[in-house]
1. Cβ contacts < 7 Å: first residue modelled with pLDDT under 95, restricted to segment 194-215; second residue of a type in the set (Ser, Thr, Tyr), any location; separation 6+ or different chain. Result?
2. So which of 143, 132 ends up being among the charged types (D, E, K, R), under 23 Å from residue 171 (Cα atoms) and either assigned to a strand (DSSP E or B) or at pLDDT 95 or above (or both)?
3. Tally up the residues in segment 63-108 that are closer than 26 Å to residue 131 by Cα and of a type in the set (Val, Ile, Thr), please.
4. Considering segment 70-92 alone, what residues qualify as being more than 20 Å from residue 202 (Cα to Cα) and of a type outside the set (Asp, Glu)?
5. So residue 179 clears everything in (1) touching a residue at least 40 places away in the same chain (Cβ under 8 Å); (2) surrounded by 12 or more Cβ atoms within 10 Å (Cβ to Cβ) except one condition, right? Which one?
6. Any residue at all in segment 163-173 that's modelled with pLDDT under 90 and buried (at least 20 other Cβ atoms within 10 Å of the Cβ)?
7. Out of everything in segment 191-215 that is open to solvent by 10 Å² or more (accessible area, probe 1.4 Å) and hydrophobic (A, V, I, L, M, F, W, C), what residue ends up being nearest to residue 55 (Cα to Cα)?
Amino acid sequence: MKKLLSTMLIFFALTLTGCGREDSAENALTEMQLALSERNSEKLAERIDLEKFFAKTYDDVTLELAEHCEEYGQKYPTDPYFQHDADFLQKYNAEHRELHLNFLRDVKNAYFAKLPEPSTPEENPHAYVANEFEKILQASTAEVKNTKVEGNHATLTVEMRGDSSIRGKFIGNLTFKLAFDKDTNDKWRFTGIENLDELVPPLVDKAEMIWITFF
């Protein structure tokens, strides 16, 4: 689960780009991208509650993985995580929930603290993932392909593309449907990913590729 969370964190952050002057979901996306670029956690917090996002995404991904664990088990027979039934996977994720969420918090803290890249992932896995995110960020572009607004809710369809580099080819092409809602001050805030059912399979494949190749 930790390897999938690391991969999702990287790919989610890569989609944070956009444009706009007046406050809108697109403008919120722009400010989030700028906050990440500047490593400004306070500015990012104006548009997203990372604690809630991490927790909700963890629970939603657990359900997706449990529903298709048999398929993943057949596809990745050497990964012990998938060599069990759905009930076991859900119980395991529940028991290790805080451990995994703490890992994400530590990656976030390492990124905003600008911790140097360790010589090996084992030396400091949190700093390693944080620095890898920055490298992959340079190898990708993201474009808002569609905006759908219904009252105080908006969905942005964002297409992410990797360049011709090794990291860019690893990124490939992914489409995210990002949800935004207006708060009580009429400010748009990011609230979640709406198409996890479409994203989890390719992200599991990419996570497995990383760990099979490097670990």
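1. Close Cβ pairs satisfying both conditions: 203/7; 204/72; 206/7; 207/7; 208/76; 210/7.
2. Of the residues listed, the single one that is among the charged types (D, E, K, R), under 23 Å from residue 171 (Cα atoms) and either assigned to a strand (DSSP E or B) or at pLDDT 95 or above (or both) is 143.
3. Number of matching residues: 1.
4. 84, 88, 90, 91, 92
5. With (1) touching a residue at least 40 places away in the same chain (Cβ under 8 Å); (2) surrounded by 12 or more Cβ atoms within 10 Å (Cβ to Cβ) applied to residue 179, the lone miss is (1).
6. Yes, because at least one residue in segment 163-173 is modelled with pLDDT under 90 and buried (at least 20 other Cβ atoms within 10 Å of the Cβ).
7. If we take residues in segment 191-215 being open to solvent by 10 Å² or more (accessible area, probe 1.4 Å) and hydrophobic (A, V, I, L, M, F, W, C), then 193 is nearest to residue 55 (Cα to Cα).
So that you can scan it fast, the table gives a plain yes or no per residue for (1) without any contact (Cβ under 8 Å) to a residue 24 or more places away in the chain; (2) open to solvent by 50 Å² or more (accessible area, probe 1.4 Å):
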residue	(1), (2)
66	no, no
77	yes, yes
102	yes, yes
108	no, yes
134	yes, yes
145	no, yes
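The values are calculated or read from the model by the stated rules, or taken from the named source; none is laboratory data. Computed from a prediction, not measured in an experiment: that's the story for all the values here. Cβ sites come from the backbone with ideal geometry, for glycine too, and all protein chains shown count toward neighbours. Remember, those area values only see protein heavy atoms, side chains included, never the ligands or the DNA or RNA. Shrake-Rupley method; radii C 1.70, N 1.55, O 1.52, S 1.80 Å.
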